[in-house]
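The values are calculated or read from the model by the stated rules, or taken from the named source; none is laboratory data. The structure displayed is predicted, hence computed values, not measured ones. Cβ placement follows ideal geometry from the backbone for every residue including glycine, while neighbour counts extend to all protein chains displayed.
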Amino acid sequence: MQVIRTIADLRSHVATWRRDGHRVGLVPTMGALHPGHASLIKRSAADADRTVVTIFVNPTQFSPQEDFATYPRDEARDLDIITGAGGHLVFAPEIREVYRDGHRTKVEVQSLGQTLEGEFRPHFFVGVATIVAKLLIQALPDIAVFGEKDYQQLCVIRQMAQDLDIPTEIIGAETVREPDGLAMSSRNRYLSNAERIIAPAMHAAISQAAGRIAKGANPATAAAEAVSEVLSAGFQRVDYIAARDAETLREPAKGRPMRILATAWLGQARLIDNVAV
Ligand code: PAF
């Protein structure tokens, strides 16, 4: 498996694969890979003949107060995981290859990117939509796979690809969880041992809320109960727990698919999760 650092090399590899009639998959990541990422790579490898995995800690999706400088980076370990999961090529560019001097363009997905996570991190989805649009245009894959763990991100990326007429099928892959229900995340390593024991309480609370809504409970009441449960379990702060329309992320309406999205702070870790109702 080869590691390349330039867009020109990426395009040349993909062009060769295309000449050979191969179907191409893309799995964008920020590195610090774990079994959740491995499942995305396997999903791509099951559907495409060649899979490109990108490793790029994207500065534009971090605010100056966030953990860009300390975000975990371990390329050697990432490469082992990518090889084991069936990736064929790794695109790991330097920042100046992606954001060249004079870069001026941002991609903003209105409404979907401005609610929930967008209210707490207004910079975030602009950074994500911009980098993912660039990666899709650079690689022009047939499919691109993203985790459902970042459910709002997946919705934003789908909308962006549709609006910009990017002919890539966006695939959402199921969240991979620890045996106690905690969603796998690169940021789980920020949890202390004591916090790690508390952490699954958020998934438990939103799963119970989903169960109550499915049995007829009011979505806003069920979400408020989940907030209390998460705080009682020992989380310091809940940014949001909300039941929303699963496609538009607007307030839920009867008869429409619904999703509960949650983000809460436990020590240094800001944990994010969601479940279907
Ligand atoms: O989910 C992530 O790891 C990132 O937000 C992504 C999609 C790779 C864009 O930088």
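Here ILE166, ILE197 are screened, and the one residue that is in contact with a Leu (Cβ under 6 Å, 6 or more places away or on another chain) and more than 13 Å from the ligand (Cβ to nearest atom) is ILE166. Within the span defined as the range 8-31, one or more residues are in a helix (DSSP H, G or I), within 24 Å of the chain's Cα centre (by Cα) and within 16 Å of the ligand (Cβ to nearest atom). A search for C-beta distances below 8 Å between a residue of the range 70-96 that is in contact (Cβ under 8 Å) with a residue 60 or more places away in the chain and any residue that is basic (Lys, Arg), counting only pairs 6+ apart in sequence or on different chains, returns PRO72/ARG189; HIS88/ARG50; LEU89/ARG50; PHE91/ARG5; ALA92/ARG5; PRO93/ARG5; GLU94/ARG5.
So how many residues does the range 186-208 have that are within 16 Å of VAL230 (Cβ to Cβ) and hydroxyl-bearing (Ser, Thr, Tyr)? Residues meeting the conditions: 1.
Each residue in the range 95-121 was checked for being at negative phi, surrounded by 12 or more Cβ atoms within 10 Å (Cβ to Cβ) and assigned to a loop (DSSP other than H, G, I, E, B), and 11 pass. Among the residues making up the range 44-57, a single one is in a helix (DSSP H, G or I) and buried (at least 22 other Cβ atoms within 10 Å of the Cβ): SER44.
Look at (1) at pLDDT 95 or above; (2) outside any strand (DSSP E or B); (3) more than 18 Å from the chain's Cα centre (by Cα) and you find that ALA253 fails only one, number (1). Report yes if some residue within the range 107-122 is near the ligand (Cβ under 10 Å from one of its atoms) and either of a type in the set (Ser, Thr, Tyr) or closer than 29 Å to ASP165 by Cα (or both); otherwise report no. Checking the range 107-122: not a single residue is near the ligand (Cβ under 10 Å from one of its atoms) and either of a type in the set (Ser, Thr, Tyr) or closer than 29 Å to ASP165 by Cα (or both). Cβ separations smaller than 6 Å between residues 6+ apart or across chains give the following pairs from the range 46-59 residues that are within 15 Å of ALA85 (Cα to Cα) to residues that are away from the ligand (no atom under 15 Å from the Cβ) and part of a helix (DSSP H, G or I): ARG50/TRP17; THR51/ALA45. Candidates in the range 163-183 are the residues that are assigned to a loop (DSSP other than H, G, I, E, B) and charged (D, E, K, R); of these, the one that is surrounded by the most Cβ atoms within 10 Å (Cβ to Cβ) is GLU178. If you check VAL156 against the conditions, is it crowded, with 18+ Cβ neighbours inside 10 Å, within 16 Å of the ligand (Cβ to nearest atom) and within 22 Å of PRO35 (Cα to Cα)? Taking the combined requirement at face value, the residue does not satisfy it.
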